[in-house]
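Structure, as structure tokens:
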Amino acid sequence: MAGVSGCIKYSMFIFNFLFWLCGILILAVAIWIRVSKDDQQIFTNGDSGVNPYVAVNILIAVGATIMILGFLGCCGAVKESRCMLLLFFIGLLLILIVQVAAGILGASFKSEFEQIMNTTLHENVELLSKTDDNAKSFQKALSKFQDEFKCCGLVNGAADWGNNFQYNYETCECSNTPDSSCVVYEGKTVYKQPCISLIKDLVKKHIIIIIGIAFGLAAIEILGLVFSMVLFCQIGNK
Ligand SMILES: *[C@@H]1O[C@H](CO)[C@@H](O)[C@H](O)[C@H]1NC(C)=O
């Protein structure tokens with residue numbers, strides 16, 4: 001009797017167009033992170049074998065999944081296909097469940113993650129005074145960070161660089177006239193502040209952004225669930 005509401009149908013279409021765009025956005029961000037290798041090397045521990053690409057690959061998979069779901073929702077709505085709408089609903093529900101589970105896990109292991117990050121950064125200090133390839137790529141990454149965030153060394157300041165200081169001091173150098181944020185080390189005026197707290201702050205800022213995105217996505221997902229279910233029922237009643 002009631003038939004299919006055009007409003008719901010076209011909202012569903014627009015929604016899923018948004019989903020599809022979100023999927024593309026996530027894919028683009030993930031690929032962008034994957035390409036900018038230098039920043040990742042700050043967290044790559046030489047011996048631990050932790051692969052920073054794992055997280056990015058997960059992100060790529062999530063982006064692709066959202067794209068596929070967006071497509072299912074769009075087509076399901078336009079063609080009034082119950083099968084597609086049901087697939088869309090189940091897929092979306094699974095994603096929401098995984099997202100909530102990940103959020104709960106993340107929140108309960110927060111202090112462990114912070115500790116691992118702290119330990120990794122402290123262990124990486126010794127890479128600054130070494131000369132092997134792995135150490136060199138870490139040094140390059142930290143040099144870039146030093147330049148950008150006006151800090152020097154990782155934990156103890158310029159001394160972390162050891163014998164490598166003389167070859168890497170440029171990005172440590174205080175460009176301002178010597179003031180309280182600078183210190184003289186081995187004849188060079190360098191930033192007094194070690195980078196570790198700035199790296200941690202940067203990571204926290206990124207995590208807050210990720211949490212914000214997750215909540216935004218969850219809200220969109222719940223609306224998508226409701227709309228697809230309503231449309232599914234309306235098609236059944238026709
Ligand atoms: C970070 O690790 C170092 C060395 O492992 C330790 O001395 C320090 O207290 C830790 N800091 C925090 C905030 O956990």
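The values are calculated or read from the model by the stated rules, or taken from the named source; none is laboratory data. These figures come from a predicted structure and were not determined experimentally. Because the Cβ atoms are built from the backbone with ideal geometry, glycine has one as well, and the counts that use them run over all protein chains shown. To get the accessible areas, we keep the full protein, side chains included, count just its heavy atoms, and leave off ligands, DNA and RNA. Shrake-Rupley method; radii C 1.70, N 1.55, O 1.52, S 1.80 Å.
Matching residues to (1) within 30 Å of MET67 (Cβ to Cβ); (2) more than 16 Å from the ligand (Cβ to nearest atom); (3) hydroxyl-bearing (Ser, Thr, Tyr):
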| residue | (1), (2), (3) |
| --- | --- |
| CYS83 | yes, yes, no |
| ASN118 | no, no, no |
| HIS122 | no, no, no |
| SER137 | no, yes, yes |
| ASN168 | no, yes, no |
| GLY187 | no, yes, no |
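Kindly evaluate SER197 against the criterion of being at pLDDT 90 or above, touching a Gly at 6+ places or on another chain (Cβ under 7 Å) and assigned to a helix (DSSP H, G or I). No: the conditions fail for SER197. Does PHE89 satisfy being within 22 Å of the chain's Cα centre (by Cα), away from the ligand (no atom under 16 Å from the Cβ), surrounded by 15 or more Cβ atoms within 10 Å (Cβ to Cβ) and of a type in the set (A, V, I, L, M, F, W, C)? The answer is no for PHE89.
Answer yes if at least one residue in the stretch 45-56 is exposed (fewer than 13 other Cβ atoms within 10 Å of the Cβ), farther than 24 Å from LYS205 by Cα and in contact (Cβ under 8 Å) with a residue 60 or more places away in the chain, and no otherwise. Within the stretch 45-56, one or more residues are exposed (fewer than 13 other Cβ atoms within 10 Å of the Cβ), farther than 24 Å from LYS205 by Cα and in contact (Cβ under 8 Å) with a residue 60 or more places away in the chain. Entry remark, the stretch 62-113: residues being free of Cβ contacts under 8 Å to residues at least 24 places away in the same chain and charged (D, E, K, R) number 3 in total.
Look at GLU148 and say whether it is assigned to a helix (DSSP H, G or I) and within 16 Å of the ligand (Cβ to nearest atom). So GLU148 fails the test. Taken as a whole, the condition of being under 23 Å from the mean Cα position of the chain (by Cα), open to solvent by less than 60 Å² (accessible area, probe 1.4 Å), of a type in the set (Val, Ile, Thr) and closer than 30 Å to VAL4 by Cβ applies to ILE95.
Filtering the stretch 98-116 to residues that are within 16 Å of the ligand (Cβ to nearest atom) and open to solvent by 90 Å² or more (accessible area, probe 1.4 Å) leaves PHE109, LYS110, PHE113, GLN115, ILE116.
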